[in-house]
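Take a look at the structure set out below.
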There are 2 protein chains.
Amino acid sequence: MFTAALLALTAATQSQPPLKVMPMPSTVEPGTGQLVIDRSFSVAATGFHDASLDRGIQRFVAQLSRQTGIPFRSKAAAASPTLLILADHGRESVQKLGEDESYELTITGSGAQLTAPNPLGILHGLESFLQLVEPSANGFTVPAVTIKDQPRFPWRGLLVDVSRHFIPLDVLKRNLDAMAAVKMNVLHWHLSDDQGFRVESRRFPKLQEMGSEGHYYTQTEVRDFVAYAHDRGIRVLPEFDIPGHSRSWFLGYPGLASGPGPYTLEGGGADPAMDPTLDSTYKLLEKFIAEMAKLFPDAYFHIGGDEVDGKQWEANPKIQAFLHAHSMKNNQDLQAYFNQRLQKILAKHHKIMVGWDEILHPDLPKNIVVQSWRGQQSLVTAAQQGYSGLLSHGYYLDLMWPAAQHYAVDPLSDSAATLNPEENSRILGGEACMWAEWVSPENIDSRIWPRNAAVAERLWSPQNIKDVDSMYTRLAALSLRLEWSGLTHRSARTEMLRRMAGTEDVAALRVLADALEPVKGYARANGKQPIDFHAPLNRMVDAAYPESDAARHFRDLVQAYLQGGSTDRAAEAHIRATLIAWRDNDAALRPLLEQSFLLHELTPLSENLSALGDAGLQALDYLDRPELSPESWRAHQLTRTEQAKTPKADLVLMVVAPIQQLIAASGPK
Amino acid sequence: MFTAALLALTAATQSQPPLKVMPMPSTVEPGTGQLVIDRSFSVAATGFHDASLDRGIQRFVAQLSRQTGIPFRSKAAAASPTLLILADHGRESVQKLGEDESYELTITGSGAQLTAPNPLGILHGLESFLQLVEPSANGFTVPAVTIKDQPRFPWRGLLVDVSRHFIPLDVLKRNLDAMAAVKMNVLHWHLSDDQGFRVESRRFPKLQEMGSEGHYYTQTEVRDFVAYAHDRGIRVLPEFDIPGHSRSWFLGYPGLASGPGPYTLEGGGADPAMDPTLDSTYKLLEKFIAEMAKLFPDAYFHIGGDEVDGKQWEANPKIQAFLHAHSMKNNQDLQAYFNQRLQKILAKHHKIMVGWDEILHPDLPKNIVVQSWRGQQSLVTAAQQGYSGLLSHGYYLDLMWPAAQHYAVDPLSDSAATLNPEENSRILGGEACMWAEWVSPENIDSRIWPRNAAVAERLWSPQNIKDVDSMYTRLAALSLRLEWSGLTHRSARTEMLRRMAGTEDVAALRVLADALEPVKGYARANGKQPIDFHAPLNRMVDAAYPESDAARHFRDLVQAYLQGGSTDRAAEAHIRATLIAWRDNDAALRPLLEQSFLLHELTPLSENLSALGDAGLQALDYLDRPELSPESWRAHQLTRTEQAKTPKADLVLMVVAPIQQLIAASGPK
């Protein structure tokens, strides 16, 4: 009710919405009229096409069918199809970084044409076309328009950590579909970490047998997944994180470790690391990399390299002796030595090394790629030193930031703004990162989407596309569309609320959930080390959207109302209705909170929401009167509401600030 | 809002709810306390088990994990598992009619035990267990209870027509899962009809190549599907509907037909039928049946046999000559001749013939099974003549009846009540039927579920289990649970409303949808023959639930309020809130109705709902006053509301009657 009313208002206060395409294309020229999509719709590829492009076109027709409910029948190639597709030539059999992804889409009232140098552009253009389809008074239509489009950065990725929590392939595949919808082109597969080794090695089967609790991908599955991604214009970048973050290796191969063990996936104690001083380590790694280099066709290979705390190295006298014998100053030098040897192995197997920003070291050749997670500066430093780089700092989806915060991060802004064009060209793009400390197959979609689309737009669209309101408008439309492609980023919350509520009605629970977001950053881990990776992820913090549209709309509404001098009666009525719903919600919800052990912890949040509603209503009443609110009342209410900012149950109420604004506004200007 | 408030009220007015198991078990003895399901939960089968039962137990654990969000880890067989499973012996490799399906489930505060003669009972008991799991103040728990359970009828089926609209296997599989959840044990697969031939024949490939538009199941897929069903305790009964309903055969094999053709799947004109006078017909059928008899292991084989209108036979002089030469009186005799020859072919291939009630003819042997679709009487007649029978009359889900109407139909009531025990035993059970004139992969779940569970309970539970309120309470709980097993019977409506509304908010559209149901019976076909089977099924009639819980709750609420002498203030407040929402909804919805071509047709329904809200509010105001409403006002309002009963856009407003009751109640008693 709350969301509905606010959404309706938002829609009503808008004039012509922008073209609801995300990421926004490079250039858009509106035309006149619209093309009707009905049962007669047909599509034909008259230029280059192969089996992969044909499958892409079939997926497009199937998706158009899902969106419209029209069961398009396969037709003999039409002489004048509704949509004519023309690719000039084929694409690389292994997708290359920097392959031309441009396309041109022209839609008139009588037909559409999509041209591109190669099928990658065609795939992107088809996604743009799908986003343009809307029901109108005349049927399903797409507006007449000419789009010329190409990406700003050639590397636009999403990292998915499948080690901390295993994510099955069907979930990953629907995420590939969604990535394709927003024109992302790299799936960075974080396949091993302390908590799990997730791919079958035939050379070293104890890796998955002892390091995965049975949750790993077979090589057959990997090949199928890579082919699935390739069909969608997505490269698959494997990451095996070494020499740190590698405890899962040591269950099967303890000889790799720098310390004596024994090792368990649960861990505890010092962070183990591989022993970089032993030739046997490199022998195993070479055989392993030889195997994986064949399994993963991409030219790049990610070796992790982050967060080596060096404690195991320091505790091992042999390693210390090695360090001194080789005149190394510190653990960084030792890791650089490891990386140099590793890089040679990778080069032998025709792979370009990628690693986290800790690997940056002058001893490494310039053709490696540095992925910056600790800050933008390391990206700049790398580019200045002649290294290629990727930005992930600012794109960590697990931090539960709002989309706008990620959207504001640009690989070429801040310190990067001083780079010269040649240095600029070394910044290949970036990757959103879905680290999986608190992610399950059930809720991962909602942790990635729709916010990941804001990162996708930042990496695809021109730098000057940065209007936040436009982004949120298009993000909302995209979010609805993404459910058609099988994502559960919206629907899973309902199911999770139902789980907590049993067979009771969840309406009042939803009102509370709409005002909540998970705590930001790493606050969830505070005082809870080590993390229990087998804990059920079935609490409200796991169900709540990382960014509540409802709370954001309420904040915007209050701000607009106050900026307009508190004179907009319709806005006030909406605000009042919401506040009444909150005030009354705790009483309605309380029996359910008492009934379910999963909901107990929400009691203070529910009380606080009611108190906020009450305080806001009192403030509104003062705003309606000519006199100011008493100072003592304001002081009391500001204190009362301030304590509602304290996170409870790893959740934070996102509507305290607008209530405090209402309270403050009832006093002197 | 409307639904939520009513559901909350319904829950509040209830005291101890019955055990939320559906179908209700034969005997239930409540115990004391409850068993907690937490991370330590374990299950072990110590009696007979095989790979199929092991898979069943794995599915149970996976489903329990979905329901609770607890990631149960595979453990070494626990010495004292939380749930101990004990099957006495194995089941038949091809599931037999009448195999023992009984089980006994004992749950105490410290553990649970499930015993059964064979794995079929274990599978049923596991489903009962899953339905008992609820979140409580102490964690997820199941109540202490002893259940002894067995089915009333051995044949509890669901027919799915995949000819009129092709239904992909993933959709059918999730329906098998749901059937298993309600202990149904026969999937009757209506594989051929005029509009499509849906299975691969290697002997006669033109059947699927020319008769399916590319939408058919390969033999590999069929084998996989049959195995999937077997794992879930479900037999697969294939139906090839002959000699009528067989146009799809004639595209590839026109020599089978009684008329000259040419034939298309779209059809039109007389209903074609096979020529029963030609030996070539039987030669082809024998080879075909030989092939299908191997593909489908079930002992039974359904040959359709319904609705042979005989027009093609009458128009064919050779057939008429044959009829006279063999001293046949009419087309029925000719069909009986066909069936006799067919039955001999089936017997040769070790199959028992099943057919629709038209096949009942004294010339056929007693071991055939007659499926009654035209009325209960044919079932009785068959039983009296020594034939076995199945009831489907009264269980046609495509008629859009409320669950209670199906629930009231009992295979052994009405005219069957006069049968003696031996005749009774010939009534094997029944089948719900999902005919697919207006069904798509997208909405079929919502056409079958949850109403099918009412039929499942009728066929499983003791005859005296017939309390409608209890049924609806348990059906509501089951309906929520079924979404955990992958059905989309609830969620698909939201997606379909979104399609109609584009990216606009659907809250007001949902208010209207909640008051609507599709027209009943075959009214949708009125004046629209022949049906266009390629038409998009994307209108509100395709999205609206066959039975609106919200409308039913409102009717119940008004009835209870009026029966209580209009004194219940809380009930009145709920009724008033709903009526206000309806009255105001049209204004909110109108812009959207004008914006989307799919919603235009709902305009009169939206107007009528507002008018009903307005009339109801006036009536409530009169009920609040001591004086009666004026007779002229009542007459006017009854006329005004009466016209709202007229279906529009193949939809009917389900809330006219309670408004008229309010109007009438405001007058003299």
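The values are calculated or read from the model by the stated rules, or taken from the named source; none is laboratory data. Quick caveat, the model's predicted, so the values are computed rather than measured. Because the Cβ atoms are built from the backbone with ideal geometry, glycine has one as well, and the counts that use them run over all protein chains shown.
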Fill in: Qualifying residues in the stretch B:466-475 (those that are of a type in the set (A, V, I, L, M, F, W, C) and crowded, with 18+ Cβ neighbours inside 10 Å) - the one farthest from the other protein chains (Cβ to nearest Cβ)
B:MET471
Fill in: Boolean, B:LYS173 is in a loop (DSSP other than H, G, I, E, B) and under 30 Å from B:HIS124 (Cβ atoms)
no
Worksheet entry | Qualifying residue in the stretch A:368-376 (condition: within 24 Å of A:ASP398 (Cβ to Cβ), of a type in the set (S, T, N, Q) and not in a strand (DSSP E or B)) | yes
Worksheet item: Scanning the stretch A:416-441 for residues that are outside any strand (DSSP E or B) and in contact (Cβ under 8 Å) with a residue 60 or more places away in the chain, which turns out surrounded by the fewest Cβ atoms within 10 Å (Cβ to Cβ)?
Response: A:GLU437
Worksheet item: Do we have any residue at all in the stretch A:182-189 that's farther than 20 Å from A:VAL354 by Cβ and surrounded by fewer than 24 Cβ atoms within 10 Å (Cβ to Cβ)?
Response: no
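Look at A:ARG152 and say whether it is in a strand (DSSP E or B) and touching a residue at least 60 places away in the same chain (Cβ under 8 Å). Before you say what the answer is, go through the steps one by one.
Details: in a strand (DSSP E or B): no; touching a residue at least 60 places away in the same chain (Cβ under 8 Å): yes.
For A:ARG152, the condition - in a strand (DSSP E or B) and touching a residue at least 60 places away in the same chain (Cβ under 8 Å) - is not met.
Tally up the residues in the stretch B:476-501 that are more than 10 Å from chain A (Cβ to nearest Cβ) and either among the acidic types (Asp, Glu) or closer than 21 Å to B:ARG174 by Cβ (or both), please.
Of the stretch B:476-501, the ones more than 10 Å from chain A (Cβ to nearest Cβ) are B:482, B:485-487, B:489, B:492-493, B:497.
Still in the running and either among the acidic types (Asp, Glu) or closer than 21 Å to B:ARG174 by Cβ (or both): B:482, B:485-487, B:489, B:492-493.
Count: 7.
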Practice prompt. Only residues that are touching a Pro at 6+ places or on another chain (Cβ under 6 Å) and either part of a helix (DSSP H, G or I) or hydrophobic (A, V, I, L, M, F, W, C) (or both): list them for the stretch A:458-472, please.
Written response: A:TRP460, A:SER470
Worksheet item: Quick one: in the stretch A:112-150, which of the residues that are crowded, with 24+ Cβ neighbours inside 10 Å and within 14 Å of chain B (Cβ to nearest Cβ) is nearest to the chain's Cα centre (by Cα)?
Response: A:PRO135
Worksheet item: With respect to the numbered conditions (1) surrounded by fewer than 17 Cβ atoms within 10 Å (Cβ to Cβ); (2) away from chain A (no Cβ under 14 Å); (3) more than 16 Å from B:THR578 (Cα to Cα); (4) out of contact with any Pro (no Cβ under 9 Å at 6 or more places or on another chain), which one is the sole condition not fulfilled by B:LEU623?
Response: (1)
Worksheet item: From the list A:SER327, A:SER372, which residue is without any contact (Cβ under 8 Å) to a residue 24 or more places away in the chain and on the phi > 0 side of the Ramachandran plot?
Response: A:SER327
Worksheet item: Here are some conditions: (1) more than 14 Å from chain B (Cβ to nearest Cβ); (2) within 34 Å of the chain's Cα centre (by Cα); (3) assigned to a loop (DSSP other than H, G, I, E, B). A:PHE72 meets all but one. Which one does it not meet?
Response: (1)
Item to complete: Select from the stretch A:251-302 the residues that are closer than 19 Å to A:ALA321 by Cβ, in a loop (DSSP other than H, G, I, E, B) and over 33 Å from the mean Cα position of the chain (by Cα) and list them in ascending order.
Response: A:SER258, A:GLY259, A:PRO260, A:ASP275, A:PRO276, A:THR277, A:LEU278
Item to complete: Determine, yes or no, whether A:ARG59 is among the basic types (Lys, Arg), modelled with pLDDT of 95 or more and out of contact with any Gly (no Cβ under 9 Å at 6 or more places or on another chain).
Response: yes
Discussion item. Can you say whether B:TRP460 is under 18 Å from B:GLU517 (Cβ atoms) and at pLDDT 95 or above, as far as the supplied structure shows?
Written reply: no
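Do we find that B:ARG490 is within 25 Å of B:GLN150 (Cβ to Cβ), in contact with a Ser or Thr (Cβ under 8 Å, 6 or more places away or on another chain) and surrounded by fewer than 23 Cβ atoms within 10 Å (Cβ to Cβ) in this structure? Step through it out loud before you land on a result.
On the way: within 25 Å of B:GLN150 (Cβ to Cβ): no; in contact with a Ser or Thr (Cβ under 8 Å, 6 or more places away or on another chain): yes; surrounded by fewer than 23 Cβ atoms within 10 Å (Cβ to Cβ): yes.
No, not satisfied.
Yes/no per residue for (1) more than 10 Å from every other protein chain (Cβ to nearest Cβ); (2) aromatic (Phe, Trp, Tyr); (3) not in a helix (DSSP H, G or I):
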site: A:THR503; (1), (2), (3): no, no, yes
site: A:LEU509; (1), (2), (3): yes, no, no
site: A:GLY521; (1), (2), (3): yes, no, yes
site: A:ASP542; (1), (2), (3): no, no, no
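Confirm whether B:VAL36 is at pLDDT 95 or above, within 13 Å of chain A (Cβ to nearest Cβ) and in contact with a Lys or Arg (Cβ under 8 Å, 6 or more places away or on another chain).
Details: at pLDDT 95 or above: yes; within 13 Å of chain A (Cβ to nearest Cβ): yes; in contact with a Lys or Arg (Cβ under 8 Å, 6 or more places away or on another chain): no.
Against the criterion (at pLDDT 95 or above, within 13 Å of chain A (Cβ to nearest Cβ) and in contact with a Lys or Arg (Cβ under 8 Å, 6 or more places away or on another chain)), B:VAL36 does not qualify.
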Response to the item:
Going through the stretch A:181-233 in order, the residues found to be farther than 25 Å from A:LEU390 by Cα, part of a helix (DSSP H, G or I) and more than 14 Å from chain B (Cβ to nearest Cβ) are A:LYS206, A:LEU207, A:GLN208, A:MET210, A:GLY211, A:GLN219, A:THR220, A:GLU221, A:ARG223, A:ASP224
Worksheet item: Considering B:PRO411, B:PRO450, which residue is in contact with a helix residue (DSSP H, G or I) (Cβ under 8 Å, 6 or more places away or on another chain) and over 24 Å from B:GLU517 (Cβ atoms)?
Response: B:PRO411
Worksheet entry | Selection from the stretch A:597-610 of residues that are within 19 Å of A:PRO518 (Cβ to Cβ) and either more than 10 Å from chain B (Cβ to nearest Cβ) or buried (at least 21 other Cβ atoms within 10 Å of the Cβ) (or both) | A:LEU598, A:LEU599, A:GLU601, A:LEU602, A:THR603, A:PRO604, A:LEU605, A:SER606, A:ASN608, A:LEU609
Response to the item:
The number of residues in the stretch B:544-573 that are within 14 Å of chain A (Cβ to nearest Cβ) and either surrounded by fewer than 21 Cβ atoms within 10 Å (Cβ to Cβ) or at pLDDT below 95 (or both) is 3
Fill in: All positions within the stretch B:39-51 that are surrounded by fewer than 18 Cβ atoms within 10 Å (Cβ to Cβ) and either hydroxyl-bearing (Ser, Thr, Tyr) or under 25 Å from A:ALA535 (Cα atoms) (or both)
B:ARG39, B:SER40, B:THR46
Item to complete: Of the conditions (1) more than 14 Å from B:ARG510 (Cβ to Cβ); (2) at pLDDT 95 or above; (3) not in a helix (DSSP H, G or I), B:PRO530 clears all except one; give me its number.
Response: (2)
Fill in: Among the residues listed as B:GLU594, B:GLU572, the single one being without any contact (Cβ under 8 Å) to a residue 24 or more places away in the chain and not aliphatic (A, V, I, L, M)
B:GLU594
Discussion item. Can you list residue pairs whose Cβ atoms sit under 8 Å apart, with the first residue in the stretch B:624-637 being within 12 Å of B:ALA665 (Cα to Cα) and the second being of a type in the set (A, V, I, L, M) and modelled with pLDDT of 95 or more? Count only pairs 6 or more apart in sequence or on different chains.
Written reply: B:SER629/B:ALA619; B:SER629/B:ILE663; B:ARG634/B:ILE663; B:ARG634/B:ALA664
